[in-house]
Amino acid sequence: MKTSAAQDDSTPEAGLLLPGTVTRRISPARSAAVAARVGIALGIAVTVCFVTGLISHWVQHPTPWFHWPANPPWLYRVTQGAHVISGVMAIPLLIVKLWSVFPRLFARPLIGNPLRLLERGSIAVLVGSMIFQLATGLFNTAQYYPWKFFFTSTHYAMAYVAFGALAVHLAVKLPVVRTALARPAADAARTGTGTDTPRTDTRNDDRPTRRGVLGAAIAATALAGVAVAGQSVPWLRWISVLSPRTGEGPQGLPVNRTATEAGVTDRAREGTYQLTVATGGTERGFSRAELEALPQTSAVLPLACVEGWSASAHWSGVRLRDLLTAAGGYRGGDVAFRSLEQGGLYSNTLLPDTHVVDDQTLIALRLNGEELSLDHGYPCRLIAPNRPGVLQTKWLSRIEVRA
């Protein structure tokens, strides 16, 4: 029995508003069977990227209901690494997905009933928002911003648009996805088009097969992930050719913002430098020498950046709670940190009380056995477990307990 093309979504040639010479050259791999399988992988990647992106945003912009623990100290390193890796892996999946469904955009009717109109609208929003998110996110990993809008807030808002459009699209296409997944991913016989209607001429048919497209999608996705994973996974660094950061730099750590860029070089080197600590209604200034004279503590903590790179280092300095005790005592509350940098986006940060009391939260004076370099925050900096690098304030000038 001959299968109707209208009943078989795996036949991309059927019912398209395209010239016959074009439709006859459409590969059988451009099918619902391929689109559904690639779409599932893309959905997983987008979901991981979305969830980990929300975590990163809430850590940087705390809300009363969101609690981010101080331990394990490597957790943010994992979540943000997963965010960037899954985002990069989504790029080849999105390309293959668009390639597989492109002919169906010309299927009759172009508009149709309200459900079809909703489907078309969700596709337009989904594709546009996904391309925007992946492109701007990739540029962010390289700290390249060829636009005038603020990346962080825009990327956060568009994440909801992209994920919402994905949810709508999935709800509309769920019956098609179920049907497509019930079919084998492998091609029908090379003498057919996905139906039992034979082609009259299959010589020199060099069009890609479904199995070939799925294999290429898997390979490209894995390669994309490995190509950037090394900036988060140390033992992969030697093959992560696309990683913007290698994990290396002055004193063994990369530097995103130098002292010169922050405009703090002269102030940080002043002989009259003092770190002001305000707690319990009192203020006390500590010179660099006085900080060194206090009991010193060491910790091995990762510096994990929002761009996805991270690297562990050996830090030593004064435990924060010991410094607060020396300045007048600590009776609870979040602690604000101010940098010597004037007007920088993260020149002022707030540390939750759960991190304040942690044994590994330090006012660091030394890095990997050496005195802090200017670019790493000399004369002193904050280093706390399970925090984004942008919140590990460098070139400290003031610490204040918020009641």
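222 nm [θ] for the chain, helices only, -39500 (n - 2.57) per DSSP H run of 4+, per residue, to 500?
Values: 11 runs with 167 residues, N = 403.
Result for the chain, helices only: -13500 deg cm²/dmol.
At 7 Å along the Cα-to-beta-carbon direction for both T325 and V51, put a label point, then send me their distance in nm to one decimal.
4.0 nm
Quick one: among D358, D206, D322, which has the greatest mean-square fluctuation in a GNM of the chain with alpha-carbon springs under 10 angstrom?
Between D358, D206, D322, it is D206 that shows the largest mean-square fluctuation.
If you count the DSSP beta bridges with both ends in segment 252-401, what percent of them are antiparallel, to the nearest 5? Walk me through the numbers before you get to the answer.
Details: 32 of 36 bridges.
So the antiparallel bridges amount to about 90 percent of the total.
Apply the Karplus curve 6.51 cos²θ - 1.76 cosθ + 1.60, θ = phi - 60°, to the phi angles in segment 307-321 and return the couplings in whole Hz, x for Gly and Pro.
Computed from phi, the couplings for segment 307-321 are 6, x, 7, 7, 7, 7, 8, 9, 10, 9, x, 9, 4, 4, 5 Hz.
Can you check what the net charge comes to around I44, using other residues whose Cβ is under 15 Å from the Cβ of I44 (Lys, Arg +1; Asp, Glu -1)?
Numbers: positive: R37, K97; negative: none.
Residues near I44 contribute +2 overall.
In square angstrom, rounded to the nearest 10, how much accessible surface does K394 have for a 1.4 Å probe?
Probe radius 1.4 Å; accessible area of K394 about 30 Å².
When the dipole is taken about the Cα centre of the chain, and only Lys, Arg (+1) and Asp, Glu (-1) are charged at their Cβ, what size is it in debye, to the nearest 20?
On the way: 38 positive and 27 negative charges, 318 e Å.
Here the chain has a charge dipole of around 1520 debye.
Using amide H atoms built 1.01 Å from N in the peptide plane, name the residues 5+ places from R398, or on other chains, whose amide H lies under 5 Å from its own.
Those lying under 5 Å, H to H, from R398 are T276, R338.
How large is ³J(HN,Hα) for each residue in segment 124-135, as worked out from phi by the Karplus curve 6.51 cos²θ - 1.76 cosθ + 1.60 (θ = phi - 60°), to whole Hz, x for Gly and Pro?
Values per residue, Gly and Pro as x: 4, 5, 4, 5, x, 5, 5, 4, 4, 5, 5, 5 Hz.
Quick one: which residues, 5 or more positions from A313 or on another chain, have an amide H under 5 Å from its amide H? H modelled 1.01 Å from N in the peptide plane, none for Pro or chain starts.
Residues meeting the amide H criterion: L301, L303.
What do you reckon, how do F150, F286 stack up by accessible area (1.4 Å probe), largest on top? Please list the in-between numbers first.
Values: F150 100, F286 0 Å².
Reading off the accessible areas and sorting them downward yields F150, F286.
Determine ³J(HN,Hα), in whole Hz, for all residues of segment 337-350 in sequence, where each value follows from phi through the Karplus function 6.51 cos²θ - 1.76 cosθ + 1.60 and θ = phi - 60°; x replaces Gly and Pro.
10, 10, 9, 5, 5, 9, x, x, 4, 10, 6, 10, 9, 10
Antiparallel DSSP bridges in the chain: what percent, to the nearest 5? Show your work: numbers first, answer last.
On the way: 34 of 38 bridges.
Of all bridge pairs located within the chain, approximately 90 percent are antiparallel.
Once R0 is set to 56 Å, what does the formula 1/(1 + (r/R0)^6) return for the Cβ-Cβ distance between I95 and A403, expressed as a FRET efficiency to the nearest 0.05? Display every interim value, and only then the final one.
Values: r = 53 Å, r/R0 = 0.95.
Given R0 = 56 Å and the Cβ-Cβ separation, E is 0.60.
I'm spelling it out carefully: the read-out is Cα Rg over 2.2 N^0.38 Å, the candidates are (1) 0.98; (2) 1.06; (3) 1.27, and one was derived from this structure. Which label?
Only one listed value fits the structure, namely (3).
Return the distance in nm (one decimal) between the two label points of a simple spin-label model at Y144 and L174, each offset 7 Å from Cα along Cα→Cβ.
With each label placed 7 Å out from Cα toward Cβ, I get 4.1 nm.
How large, in percent, is the carbon and sulfur part of the accessible surface of the chain at a probe radius of 1.4 Å?
63 percent
Skip the ligands, DNA and RNA, and give the accessible area per residue of the chain with a 1.4 Å probe, whole Å².
Numbers: 19210 Å² over 403 residues.
Normalised by residue count, the accessible surface of the chain is 48 Å².
Kirkwood Rh and Cα-based Rg: tell me the resulting Rg over Rh for segment 252-401, rounded to two decimals.
Details: Rg = 13.9 Å, Rh = 15.1 Å.
Reported Rg/Rh (Cα atoms, Kirkwood Rh): 0.92.
The values are calculated or read from the model by the stated rules, or taken from the named source; none is laboratory data. The structure presented is a predicted model; accordingly, all values stated were derived computationally and were not measured. Ideal geometry is used to build each Cβ from the backbone, glycine not excepted, and the neighbour counts take in all protein chains shown. Heavy atoms of the whole protein, side chains included, go into the accessibility calculation; ligands, DNA and RNA do not. Shrake-Rupley method; radii C 1.70, N 1.55, O 1.52, S 1.80 Å.
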